[in-house]
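Have a look at the structure below before the remarks.
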Amino acid sequence: MPHSLSYDEADHDSRRARQWLAGRARGAGVSRPHLLELGAAMTALAAAAAERDPVAVAPAPVGADPGPAAGGSGVVKPLPGGLFTRHQTNAEMRWEAMAGHGYVVPTDRFFVRNHTHTPIVDADTWRLSLFGDGLAGGPTRDRPVEFGYDDLRRLPAERVTALIECAGNGRRFFAGQQDRPAPGVAWGLGGVGVAHWRGVRLSEVLRRAGLTPAAVDVMPQGLDPEYVTGGVNLGRVRRPLPIGKALDDVLLAYEMNGEALPADHGFPVRLVVPGWIGISSIKWVGPVEVSTTPLFSPWNTQLYRMFGPDRPAGGAELGPQSVKSAFELPWAARVPAGAEVLLRGRSWSGAGPIRSVQVSTGDDDWRPADLVAADAGGVWQRWTARWRPTASGPVTLRARATDVTGAGQPDRARPNDLGYLFDGVVRHPVTVC
């Protein structure tokens, strides 16, 4: 069936949302009435502009240590203040920590996005469990086709360099620059990272598990604790992929930057879904449903959708990640007057490579930045701009980029209730002294 071969995230989300609203999609664990309750809860949260969703942690997953007790950081790796800004159980990369560190983000400063907290999973007992009527013989959740950690490592391996970005990256600027606060983690621009990932193609595993031509959707599920928000237990994090994307470039990764995945980044195995929003790259993946009918979860019907003014009642699909630009410079940095400063930064887009970048060091004095030639066509683009400030006092730096599709960065982002896909030009304050 042609619709089963969709590769495009917005097209897939739009199609599945229409089917869900018409009652033609299904998903285990959360009933449609409960999802409607969640929708009301999320609307109330947005109206209240809370700093983050009220969250409780439900029972720990079977076969995994639930990790730190409630009240802890929820993150295993060290989070030094010079590398991260902490947001409860999440950690945002500080952009100044990337200065001089090459194209990929070192693992010790890669951002951490947790819905609850990092589980500690035993690789010796972990299993990738595939089930559903999209596989030959219709294996069930209780009697799945299984692959162990060593089984995956014996399969043909590939390495990809991919960018992963939280859909809420830049959320705090809806409040700070546009007076439109939104609930959720108040990310600056550091909820993004590029790494080298190594693992086995999801397509390889699906075929070995007995994929049938009738399969439509694949839904991986994480092994992190169940997520409770707005008074509703949503279960474990999961989000469907169309079979076309699953067979294209999705990786079951077990290495990051040349080493075994750290716990916070999905050990023993995570999904890497190039070009799609970060929630699709499920960490600590365990069960995988393969279905001949459309699947849904709260993460593609009520969360990770665009609600708000001029949006459909059921929300609009997210579409590709927006264009963003960041300076590799501390927030409110101090720079010397009269000396040349080499400004460094990076720009990226979910729709394709960056074509051009402009920088402003004053009032609309936009000029082209110099692009690092080695990054051309890559998942993000490094750039530099020389600046010699002459007068002391506050200055606002700005950067804006345009990708190969022509998408750019407006002065103001169009708001949405949950604060996704901020694409406005960020005003970066510095003081010349």
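The values are calculated or read from the model by the stated rules, or taken from the named source; none is laboratory data. Because the structure is a prediction, the values reported are computed rather than measured. Cβ coordinates were reconstructed from backbone atoms using ideal geometry, including for glycine residues, and neighbour counts include every protein chain displayed. Note: accessible area is taken over every heavy atom of the protein model, side chains too, but ligands, DNA and RNA are not part of it. Shrake-Rupley method; radii C 1.70, N 1.55, O 1.52, S 1.80 Å.
A quick yes/no check of all residues on (1) open to solvent by less than 50 Å² (accessible area, probe 1.4 Å); (2) modelled with pLDDT of 95 or more; (3) in contact with a Cys (Cβ under 6 Å, 6 or more places away or on another chain); (4) not small (Gly, Ala, Ser):
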residue: Leu343; (1), (2), (3), (4): yes, yes, no, yes
residue: Ser349; (1), (2), (3), (4): yes, yes, no, no
residue: Gln358; (1), (2), (3), (4): no, yes, no, yes
residue: Gly362; (1), (2), (3), (4): yes, no, no, no
residue: Trp387; (1), (2), (3), (4): yes, yes, no, yes
Closer than 24 Å to Asp122 by Cα, β-branched (Val, Ile, Thr), at pLDDT 95 or above and over 16 Å from the mean Cα position of the chain (by Cα) - does that describe any residue in region 202-221? yes
Per the list (1) in a loop (DSSP other than H, G, I, E, B); (2) in contact (Cβ under 8 Å) with a residue 24 or more places away in the chain; (3) farther than 28 Å from Thr161 by Cα, residue check on Thr431 breaks on (1)
Being exposed (fewer than 13 other Cβ atoms within 10 Å of the Cβ) and of a type outside the set (Lys, Arg) narrows Gly377, Gly424, Gly419 down to just Gly377
The number of residues in region 128-150 that are more than 26 Å from Pro213 (Cβ to Cβ) and either open to solvent by 20 Å² or more (accessible area, probe 1.4 Å) or of a type in the set (S, T, N, Q) (or both) is 2
Within region 306-326, residues being open to solvent by 10 Å² or more (accessible area, probe 1.4 Å), among the charged types (D, E, K, R) and in contact (Cβ under 8 Å) with a residue 12 or more places away in the chain number 2
Being more than 19 Å from the chain's Cα centre (by Cα), buried (at least 24 other Cβ atoms within 10 Å of the Cβ) and not charged (D, E, K, R) narrows Leu303, Leu329, Leu295 down to just Leu295
The residue from Gly199, Gly222, Gly191 that alone is in contact with a Cys (Cβ under 6 Å, 6 or more places away or on another chain) and within 30 Å of Ala326 (Cβ to Cβ) is Gly191
Within region 389-428, residues being hydrophobic (A, V, I, L, M, F, W, C) and assigned to a loop (DSSP other than H, G, I, E, B) number 9
Arg171 fails exactly one of (1) in contact with an Asp or Glu (Cβ under 8 Å, 6 or more places away or on another chain); (2) buried (at least 16 other Cβ atoms within 10 Å of the Cβ), namely (1)
Within region 245-292, of all residues that are outside any strand (DSSP E or B) and acidic (Asp, Glu), the one least open to solvent (accessible area, probe 1.4 Å) is Asp264
Log entry, pairs with first residue in region 96-110 being at pLDDT 95 or above, second being of a type in the set (Asp, Glu), beta carbons closer than 8 Å, six or more apart or on different chains, reads Glu96/Glu328; Met98/Glu328; Tyr103/Asp375; Thr107/Glu259
